[in-house]
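These notes are about the structure you will find just below.
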Amino acid sequence: MVHGFAKVGVWGVSGRLCRPETPQDLLSPRPGAGVGIRVYKSADFTNTLWGGTCGDSRQEKCCKMIGMNPPNDPFPASEFDDWAGTYDASVSIDQFPFFGYQDILARIVALAEPIRGMSVLDLGTGTGNLAARFAVLGCDVWCTDFSVPMLAQARQKIPDAHFVQHDLRRHWPEELRRPFDRIVSAYVFHHFELDEKIRILRDLASNLASGGRMIIGDIAFPNLASQERVKTEVGAEWEQEHYWLADESLAALYKAGLPASYTQVSSCAGMFVLTHLLGNKAG
Ligand SMILES: C[S@@+](CC[C@H](N)C(=O)[O-])C[C@H]1O[C@@H](n2cnc3c(N)ncnc32)[C@H](O)[C@@H]1O
(Lines give C-alpha, C1' and ligand atoms only; values in the text may rest on other atoms or scores of the structure.)
Protein backbone atom coordinates (compact mmCIF):
# COMPACT_ATOMS: atom_id res chain seq x y z
CA MET A 1 0.00 0.00 0.00
CA VAL A 2 1.53 3.30 -1.08
CA HIS A 3 -0.07 6.43 0.31
CA GLY A 4 -3.61 5.28 -0.16
CA PHE A 5 -3.04 3.50 -3.45
CA ALA A 6 -3.55 -0.21 -3.58
CA LYS A 7 -0.63 -1.11 -5.79
CA VAL A 8 1.91 0.33 -8.15
CA GLY A 9 2.52 -1.37 -11.47
CA VAL A 10 5.24 -1.31 -14.07
CA TRP A 11 4.25 -2.34 -17.54
CA GLY A 12 5.87 -3.02 -20.88
CA VAL A 13 5.99 -0.87 -23.98
CA SER A 14 2.69 -2.27 -25.20
CA GLY A 15 1.00 -0.68 -22.23
CA ARG A 16 -0.22 -4.09 -21.08
CA LEU A 17 0.50 -4.83 -17.48
CA CYS A 18 3.56 -7.04 -17.12
CA ARG A 19 3.74 -7.38 -13.40
CA PRO A 20 2.77 -5.32 -10.43
CA GLU A 21 5.82 -4.31 -8.50
CA THR A 22 7.11 -2.16 -5.73
CA PRO A 23 7.48 1.60 -6.09
CA GLN A 24 11.21 0.99 -6.44
CA ASP A 25 10.55 -0.23 -9.97
CA LEU A 26 9.52 3.24 -10.93
CA LEU A 27 13.03 4.39 -10.12
CA SER A 28 14.80 1.42 -11.69
CA PRO A 29 12.61 0.26 -14.55
CA ARG A 30 13.21 -2.88 -16.55
CA PRO A 31 15.24 -2.70 -19.77
CA GLY A 32 13.20 -1.30 -22.61
CA ALA A 33 10.12 -0.99 -20.46
CA GLY A 34 7.83 1.92 -20.36
CA VAL A 35 7.28 2.97 -16.78
CA GLY A 36 4.29 4.34 -15.05
CA ILE A 37 1.98 4.08 -12.19
CA ARG A 38 -1.38 2.45 -12.20
CA VAL A 39 -3.66 2.28 -9.26
CA TYR A 40 -5.23 -1.09 -8.66
CA LYS A 41 -8.31 -2.28 -6.95
CA SER A 42 -7.75 -5.98 -6.55
CA ALA A 43 -6.56 -7.30 -9.92
CA ASP A 44 -7.85 -4.47 -12.14
CA PHE A 45 -6.32 -1.10 -12.45
CA THR A 46 -8.71 1.78 -12.00
CA ASN A 47 -6.63 4.67 -13.11
CA THR A 48 -3.39 5.48 -14.90
CA LEU A 49 -1.58 8.30 -13.18
CA TRP A 50 1.29 8.51 -15.55
CA GLY A 51 2.91 6.46 -18.25
CA GLY A 52 6.07 7.24 -20.11
CA THR A 53 9.66 6.29 -20.45
CA CYS A 54 12.29 6.47 -17.82
CA GLY A 55 13.86 9.93 -17.79
CA ASP A 56 10.60 11.59 -18.82
CA SER A 57 10.07 14.80 -16.87
CA ARG A 58 6.66 13.51 -15.73
CA GLN A 59 8.40 10.71 -13.86
CA GLU A 60 9.42 13.20 -11.18
CA LYS A 61 5.93 14.69 -10.89
CA CYS A 62 4.41 11.26 -10.61
CA CYS A 63 6.81 10.20 -7.87
CA LYS A 64 5.77 13.24 -5.90
CA MET A 65 2.09 12.44 -6.40
CA ILE A 66 2.45 9.13 -4.63
CA GLY A 67 4.73 10.54 -1.98
CA MET A 68 7.95 8.96 -3.22
CA ASN A 69 11.19 10.84 -3.45
CA PRO A 70 11.89 11.49 -7.12
CA PRO A 71 15.06 9.93 -8.49
CA ASN A 72 18.09 11.97 -7.63
CA ASP A 73 19.14 12.67 -11.20
CA PRO A 74 21.39 15.66 -11.82
CA PHE A 75 20.78 15.40 -15.57
CA PRO A 76 17.14 14.47 -16.24
CA ALA A 77 15.76 14.56 -19.78
CA SER A 78 13.62 17.56 -18.81
CA GLU A 79 16.79 19.69 -18.67
CA PHE A 80 17.29 19.05 -22.36
CA ASP A 81 13.66 19.11 -23.45
CA ASP A 82 13.51 22.85 -22.86
CA TRP A 83 16.77 23.44 -24.71
CA ALA A 84 15.79 21.64 -27.93
CA GLY A 85 14.30 24.70 -29.66
CA THR A 86 17.31 26.94 -29.06
CA TYR A 87 20.11 24.37 -29.06
CA ASP A 88 21.36 25.13 -32.57
CA ALA A 89 21.59 28.83 -31.71
CA SER A 90 23.62 27.95 -28.58
CA VAL A 91 26.21 25.96 -30.48
CA SER A 92 26.59 28.63 -33.15
CA ILE A 93 28.11 31.04 -30.60
CA ASP A 94 31.83 30.45 -30.28
CA GLN A 95 32.00 30.39 -26.51
CA PHE A 96 32.55 27.87 -23.73
CA PRO A 97 31.76 24.99 -23.88
CA PHE A 98 31.21 25.08 -27.63
CA PHE A 99 34.53 26.55 -28.81
CA GLY A 100 35.32 24.61 -31.98
CA TYR A 101 31.95 22.82 -32.08
CA GLN A 102 31.80 22.44 -35.88
CA ASP A 103 35.44 21.40 -35.88
CA ILE A 104 34.75 18.57 -33.45
CA LEU A 105 31.87 17.27 -35.56
CA ALA A 106 33.99 17.45 -38.73
CA ARG A 107 36.91 15.65 -37.04
CA ILE A 108 34.64 12.88 -35.73
CA VAL A 109 33.35 12.28 -39.25
CA ALA A 110 36.86 12.32 -40.70
CA LEU A 111 38.09 9.77 -38.15
CA ALA A 112 35.06 7.58 -38.82
CA GLU A 113 36.03 7.31 -42.52
CA PRO A 114 32.38 6.78 -43.47
CA ILE A 115 31.35 5.05 -46.64
CA ARG A 116 27.89 4.78 -48.19
CA GLY A 117 25.73 2.16 -46.47
CA MET A 118 27.81 2.03 -43.30
CA SER A 119 25.70 1.79 -40.13
CA VAL A 120 26.38 4.66 -37.74
CA LEU A 121 24.92 5.01 -34.27
CA ASP A 122 24.93 8.52 -32.82
CA LEU A 123 24.53 8.58 -29.04
CA GLY A 124 22.80 11.62 -27.53
CA THR A 125 22.11 12.89 -31.00
CA GLY A 126 20.41 16.10 -29.82
CA THR A 127 19.17 18.10 -32.80
CA GLY A 128 21.02 15.74 -35.12
CA ASN A 129 23.96 17.92 -36.19
CA LEU A 130 26.51 15.09 -36.11
CA ALA A 131 24.13 12.47 -37.44
CA ALA A 132 23.20 14.74 -40.38
CA ARG A 133 26.84 14.79 -41.50
CA PHE A 134 26.78 10.99 -41.80
CA ALA A 135 23.35 10.97 -43.42
CA VAL A 136 24.46 13.18 -46.34
CA LEU A 137 27.27 10.70 -46.99
CA GLY A 138 24.75 7.89 -47.47
CA CYS A 139 25.24 6.14 -44.13
CA ASP A 140 22.48 4.19 -42.42
CA VAL A 141 22.08 6.51 -39.45
CA TRP A 142 20.65 5.57 -36.05
CA CYS A 143 19.98 8.30 -33.52
CA THR A 144 19.38 7.91 -29.80
CA ASP A 145 18.59 10.48 -27.16
CA PHE A 146 16.49 10.49 -24.01
CA SER A 147 14.87 13.83 -24.85
CA VAL A 148 11.79 13.59 -27.05
CA PRO A 149 11.94 17.25 -28.19
CA MET A 150 15.61 16.83 -29.14
CA LEU A 151 14.73 13.76 -31.21
CA ALA A 152 11.89 15.70 -32.85
CA GLN A 153 14.34 18.39 -33.95
CA ALA A 154 16.73 15.77 -35.30
CA ARG A 155 13.93 14.04 -37.19
CA GLN A 156 13.19 17.28 -39.05
CA LYS A 157 16.82 17.46 -40.23
CA ILE A 158 17.25 13.80 -41.10
CA PRO A 159 13.81 12.24 -41.66
CA ASP A 160 15.28 9.05 -43.10
CA ALA A 161 17.31 8.18 -40.01
CA HIS A 162 16.16 5.72 -37.31
CA PHE A 163 15.25 7.22 -33.95
CA VAL A 164 15.23 5.48 -30.60
CA GLN A 165 14.44 7.23 -27.36
CA HIS A 166 16.82 5.84 -24.78
CA ASP A 167 18.65 6.87 -21.63
CA LEU A 168 22.27 5.83 -22.03
CA ARG A 169 22.49 5.04 -18.34
CA ARG A 170 19.85 2.34 -18.68
CA HIS A 171 19.98 -1.14 -20.12
CA TRP A 172 20.54 -1.26 -23.84
CA PRO A 173 17.21 -1.39 -25.72
CA GLU A 174 16.28 -4.35 -27.91
CA GLU A 175 15.91 -2.25 -31.07
CA LEU A 176 19.58 -1.25 -30.84
CA ARG A 177 20.90 -4.75 -30.16
CA ARG A 178 22.75 -5.14 -33.46
CA PRO A 179 26.26 -4.46 -34.69
CA PHE A 180 27.12 -0.94 -35.83
CA ASP A 181 30.10 -0.09 -38.04
CA ARG A 182 30.59 3.17 -36.19
CA ILE A 183 29.40 4.41 -32.83
CA VAL A 184 29.84 8.14 -32.43
CA SER A 185 28.87 10.80 -29.95
CA ALA A 186 29.43 14.51 -29.40
CA TYR A 187 29.04 16.56 -26.21
CA VAL A 188 27.18 13.91 -24.24
CA PHE A 189 29.47 11.88 -21.99
CA HIS A 190 30.43 14.83 -19.79
CA HIS A 191 27.08 14.29 -18.09
CA PHE A 192 28.42 11.05 -16.61
CA GLU A 193 31.07 10.41 -13.99
CA LEU A 194 34.19 8.61 -15.22
CA ASP A 195 33.11 5.20 -13.87
CA GLU A 196 29.79 5.51 -15.64
CA LYS A 197 31.45 6.66 -18.88
CA ILE A 198 33.61 3.54 -18.81
CA ARG A 199 30.72 1.25 -17.96
CA ILE A 200 28.64 2.61 -20.85
CA LEU A 201 31.52 2.32 -23.31
CA ARG A 202 32.29 -1.25 -22.21
CA ASP A 203 28.68 -2.22 -22.78
CA LEU A 204 28.66 -0.50 -26.15
CA ALA A 205 31.73 -2.39 -27.29
CA SER A 206 29.62 -5.50 -27.85
CA ASN A 207 27.49 -3.55 -30.34
CA LEU A 208 30.41 -2.70 -32.53
CA ALA A 209 30.71 -4.63 -35.78
CA SER A 210 33.93 -6.44 -36.58
CA GLY A 211 36.51 -3.78 -37.47
CA GLY A 212 34.21 -1.13 -36.03
CA ARG A 213 35.27 2.07 -34.36
CA MET A 214 33.90 4.26 -31.57
CA ILE A 215 34.61 7.97 -31.67
CA ILE A 216 33.60 10.09 -28.73
CA GLY A 217 34.00 13.86 -29.01
CA ASP A 218 33.25 15.92 -25.94
CA ILE A 219 34.28 18.66 -23.56
CA ALA A 220 37.71 17.44 -22.56
CA PHE A 221 41.12 18.60 -21.40
CA PRO A 222 44.52 16.92 -21.49
CA ASN A 223 44.74 17.04 -17.68
CA LEU A 224 43.51 18.84 -14.58
CA ALA A 225 45.99 21.70 -14.96
CA SER A 226 44.75 22.51 -18.46
CA GLN A 227 41.14 22.31 -17.29
CA GLU A 228 41.94 24.77 -14.50
CA ARG A 229 43.57 27.18 -16.99
CA VAL A 230 40.47 27.21 -19.19
CA LYS A 231 38.25 27.55 -16.12
CA THR A 232 40.13 30.71 -15.16
CA GLU A 233 39.97 32.07 -18.71
CA VAL A 234 36.23 31.61 -19.15
CA GLY A 235 35.36 32.93 -15.68
CA ALA A 236 31.62 33.18 -15.08
CA GLU A 237 30.78 31.08 -18.16
CA TRP A 238 32.32 28.01 -16.49
CA GLU A 239 29.94 25.33 -15.37
CA GLN A 240 31.43 22.32 -13.62
CA GLU A 241 30.34 19.00 -15.09
CA HIS A 242 32.10 15.68 -15.52
CA TYR A 243 34.52 16.83 -18.20
CA TRP A 244 36.99 14.32 -19.50
CA LEU A 245 40.58 14.62 -18.31
CA ALA A 246 42.45 12.73 -21.00
CA ASP A 247 45.29 11.49 -18.80
CA GLU A 248 43.12 9.79 -16.17
CA SER A 249 40.51 8.74 -18.72
CA LEU A 250 42.99 7.01 -21.03
CA ALA A 251 44.40 5.09 -18.07
CA ALA A 252 40.90 4.08 -16.90
CA LEU A 253 39.86 3.04 -20.41
CA TYR A 254 42.99 0.95 -20.81
CA LYS A 255 42.41 -0.73 -17.46
CA ALA A 256 38.86 -1.54 -18.56
CA GLY A 257 40.14 -3.27 -21.70
CA LEU A 258 39.35 -0.32 -23.96
CA PRO A 259 42.64 1.12 -25.18
CA ALA A 260 41.98 4.48 -26.80
CA SER A 261 43.77 7.40 -28.41
CA TYR A 262 43.03 11.04 -27.67
CA THR A 263 43.28 14.23 -29.72
CA GLN A 264 42.70 17.72 -28.34
CA VAL A 265 40.72 19.71 -30.92
CA SER A 266 39.94 23.04 -29.25
CA SER A 267 40.89 24.53 -25.88
CA CYS A 268 37.99 22.68 -24.27
CA ALA A 269 37.12 19.77 -26.55
CA GLY A 270 38.76 16.59 -27.68
CA MET A 271 38.09 13.16 -29.17
CA PHE A 272 38.64 9.63 -28.00
CA VAL A 273 38.95 6.87 -30.57
CA LEU A 274 38.47 3.30 -29.40
CA THR A 275 39.80 0.86 -31.90
CA HIS A 276 41.52 -2.22 -30.51
CA LEU A 277 38.45 -3.88 -29.10
CA LEU A 278 39.50 -7.46 -28.67
CA GLY A 279 36.90 -9.54 -30.49
CA ASN A 280 34.64 -6.50 -30.17
CA LYS A 281 34.22 -7.27 -26.49
CA ALA A 282 35.75 -5.28 -23.69
CA GLY A 283 38.05 -7.11 -21.27
C1 LIG B 1 24.95 19.02 -25.44
S2 LIG B 1 23.77 18.05 -26.28
C3 LIG B 1 24.71 17.35 -27.63
C4 LIG B 1 23.84 17.05 -28.82
C5 LIG B 1 24.57 16.58 -30.08
N6 LIG B 1 25.25 15.33 -29.86
C7 LIG B 1 25.50 17.61 -30.59
O8 LIG B 1 26.69 17.35 -30.66
O9 LIG B 1 25.06 18.71 -30.91
C10 LIG B 1 23.62 16.65 -25.21
C11 LIG B 1 22.56 15.67 -25.68
O12 LIG B 1 22.70 14.48 -24.94
C13 LIG B 1 21.43 14.05 -24.52
N14 LIG B 1 21.62 13.30 -23.28
C15 LIG B 1 22.11 13.74 -22.11
N16 LIG B 1 22.12 12.77 -21.20
C17 LIG B 1 21.61 11.67 -21.82
C18 LIG B 1 21.34 10.34 -21.40
N19 LIG B 1 21.57 9.95 -20.15
N20 LIG B 1 20.84 9.48 -22.30
C21 LIG B 1 20.57 9.86 -23.57
N22 LIG B 1 20.77 11.11 -24.03
C23 LIG B 1 21.29 12.01 -23.15
C24 LIG B 1 20.63 15.32 -24.32
O25 LIG B 1 19.24 15.11 -24.38
C26 LIG B 1 21.15 16.18 -25.45
O27 LIG B 1 20.40 16.01 -26.62
Quiz item: If you scan the range 203-220, which residues turn out to be farther than 15 Å from Leu258 by Cβ and within 12 Å of the ligand (Cβ to nearest atom)?
Solution: Gly217, Asp218, Ile219
Quiz item: Would you say Ala152 is buried (at least 21 other Cβ atoms within 10 Å of the Cβ), under 17 Å from the mean Cα position of the chain (by Cα) and part of a helix (DSSP H, G or I)?
Solution: no
Quiz item: With respect to the numbered conditions (1) of a type in the set (Asp, Glu); (2) surrounded by fewer than 16 Cβ atoms within 10 Å (Cβ to Cβ); (3) within 27 Å of Gly100 (Cβ to Cβ), which one is the sole condition not fulfilled by Glu174?
Solution: (3)
Practice problem: Select from the range 114-134 the residues that are among the charged types (D, E, K, R) and free of Cβ contacts under 8 Å to residues at least 60 places away in the same chain and write down the one among them that is farthest from the ligand (Cβ to nearest atom). | Solution: Arg116
Quiz item: Given the conditions (1) touching a residue at least 24 places away in the same chain (Cβ under 8 Å); (2) in contact with a helix residue (DSSP H, G or I) (Cβ under 7 Å, 6 or more places away or on another chain), and given that Ala260 satisfies all but one, which numbered condition is not satisfied?
Solution: (1)
Self-check item: Matching residues, the range 177-202, being within 13 Å of Leu123 (Cβ to Cβ), more than 13 Å from the chain's Cα centre (by Cα) and within 15 Å of the ligand (Cβ to nearest atom)
Solution: Arg182
Quiz item: So is Pro159 in a loop (DSSP other than H, G, I, E, B), at pLDDT 95 or above and closer than 22 Å to Thr263 by Cβ or not?
Solution: no
Quiz item: Restricting attention to the range 158-166, does a residue exist that is within 12 Å of the ligand (Cβ to nearest atom) and surrounded by fewer than 18 Cβ atoms within 10 Å (Cβ to Cβ)?
Solution: yes
Self-check item: Filtered residues of the range 67-89 (kept if of a type in the set (A, V, I, L, M, F, W, C), more than 8 Å from the ligand (Cβ to nearest atom) and modelled with pLDDT of 95 or more)
Solution: Ala89
Exercise. Specify the residue that is surrounded by the fewest Cβ atoms within 10 Å (Cβ to Cβ); the eligible residues are those in the range 135-144 that are in contact (Cβ under 8 Å) with a residue 24 or more places away in the chain and within 19 Å of Leu168 (Cβ to Cβ).
Key: Trp142
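The values are calculated or read from the model by the stated rules, or taken from the named source; none is laboratory data. Everything numeric here is computed off the predicted structure, so don't read it as measured data. Cβ: placed from backbone, ideal geometry, glycine included. Neighbour counts: every protein chain shown.
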